[in-house]
1. Scan the range 213-231 residue by residue and report those that are assigned to a helix (DSSP H, G or I), buried (at least 21 other Cβ atoms within 10 Å of the Cβ) and in contact (Cβ under 8 Å) with a residue 40 or more places away in the chain.
2. Can you find a residue in the range 102-109 that is touching a helix residue (DSSP H, G or I) at 6+ places or on another chain (Cβ under 9 Å) and open to solvent by 60 Å² or more (accessible area, probe 1.4 Å)?
3. Taking the condition open to solvent by 60 Å² or more (accessible area, probe 1.4 Å), aromatic (Phe, Trp, Tyr) and within 15 Å of Gly180 (Cα to Cα), does Phe53 pass?
4. Which one is nearest to Leu238 (Cα to Cα), of the residues in the range 165-188 that are open to solvent by 70 Å² or more (accessible area, probe 1.4 Å) and touching a residue at least 24 places away in the same chain (Cβ under 8 Å)?
5. Of the residues Gly149, Gly119, only one is surrounded by 18 or more Cβ atoms within 10 Å (Cβ to Cβ) and part of a helix (DSSP H, G or I); which?
6. How many residues are aliphatic (A, V, I, L, M) and either in contact with a Phe, Trp or Tyr (Cβ under 7 Å, 6 or more places away or on another chain) or open to solvent by less than 30 Å² (accessible area, probe 1.4 Å) (or both) when one looks only at the range 124-145?
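The values are calculated or read from the model by the stated rules, or taken from the named source; none is laboratory data. Predicted model, so just to flag it, every value in this text is computed and none were measured. Please note: Cβ atoms are built from the backbone with ideal geometry, for glycine as well, and neighbour counts cover all protein chains shown. Quick note on the areas: whole protein, heavy atoms, side chains included, nothing else; ligands and nucleic acids left out. Shrake-Rupley method; radii C 1.70, N 1.55, O 1.52, S 1.80 Å.
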Amino acid sequence: MGAAVRAQLQYRSNLLLTFAGGAAFQSVGLVFVWLVVERFGAIDGWSMAEVAFLYGMRLVSHGLWLVPCSQVYRIDAALRTGVFDRYLIRPGGPLVQLLTQRFQLEHVGDLVTGVVVLGAAASRLHMGWSFLGVVYLLLAVAGGAMIEGALQLAIASLSFRALSTQSLRMLIDSVFNNFGGYPMRIFPTATQFALTFLVPLAFVAYLPAGVLLGHSDGLHVSPWLAFGAPVVGPVLLLLAHRLWRSQIKHYSSSGH
């Protein structure tokens, strides 16, 4: 992995352009939210700064999982080409080898954009941070990263049976990108339920942001469930890892 990082750093201009492209892509979504707020006013009682805070939290969580674990997207290719066979005979777990095959620095742009948006929004809101508030924020963004990572790992686990899960991964990415930056109560009740309990997007940023911004009484779930949002990530990640371990037994080498 270290060699791969050094190789990417040799092409700094290309790397900077990739950073800029990622930042621009993520910023477009925030600009769209700003246009909606400018046209209709606050979104479900959330000001533009509060929505930006929510957007920044989701983006930081996205970057935290994507930077170290983006190679999970390569599972289909590893299975088709037989590269996964090498992971089985080398020391170290196959999942660790898959994730560390290459460290893609270009995804750092997503993380940096999220940190900038989150910091700017917090500054605009003049939030009086307590020690517990800072700890909760850190646990929330880490938990959000684990939620997205758990979903992607669970989908990757299905590749041992389906061989190609790209469409399902793209669907999850689309859901997170299109719905993750808005207060959930603007959506129909059925959509709120689906984005909370079927695809637990609400636990990534919306519920913890609601707690930090004082909107816990106006959320679509009980306040105690919102306060417990950071716990959801570790639980789902543990379940996804167990699914991975159970499905890897069904792997059949492409050479057979």
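1. Step one: filter the range 213-231 for residues assigned to a helix (DSSP H, G or I), giving 216-218, 223-227, 229-231.
After this cut, where a residue has to be buried (at least 21 other Cβ atoms within 10 Å of the Cβ) as well, the list is 226, 229-230.
If the condition is that a residue be assigned to a helix (DSSP H, G or I), buried (at least 21 other Cβ atoms within 10 Å of the Cβ) and in contact (Cβ under 8 Å) with a residue 40 or more places away in the chain, then Ala229, Pro230 are the ones that fit.
2. So in the range 102-109, the residues touching a helix residue (DSSP H, G or I) at 6+ places or on another chain (Cβ under 9 Å) come out as 102-109.
When the remaining residues are screened for being open to solvent by 60 Å² or more (accessible area, probe 1.4 Å), the result is 102.
Yes, that holds for at least one residue.
3. Working: open to solvent by 60 Å² or more (accessible area, probe 1.4 Å): no; aromatic (Phe, Trp, Tyr): yes; within 15 Å of Gly180 (Cα to Cα): yes.
So Phe53 fails the test.
4. The residue in question is Gln166.
5. On the way: Gly119 fails: surrounded by 18 or more Cβ atoms within 10 Å (Cβ to Cβ).
Answer to the selection: Gly149.
6. The initial filter retains those residues of the range 124-145 that are aliphatic (A, V, I, L, M), namely 125, 127, 132, 134-135, 137-142, 145.
Next cut, either in contact with a Phe, Trp or Tyr (Cβ under 7 Å, 6 or more places away or on another chain) or open to solvent by less than 30 Å² (accessible area, probe 1.4 Å) (or both) only: 125, 137, 140-141, 145.
Qualifying residue count, the range 124-145: 5.
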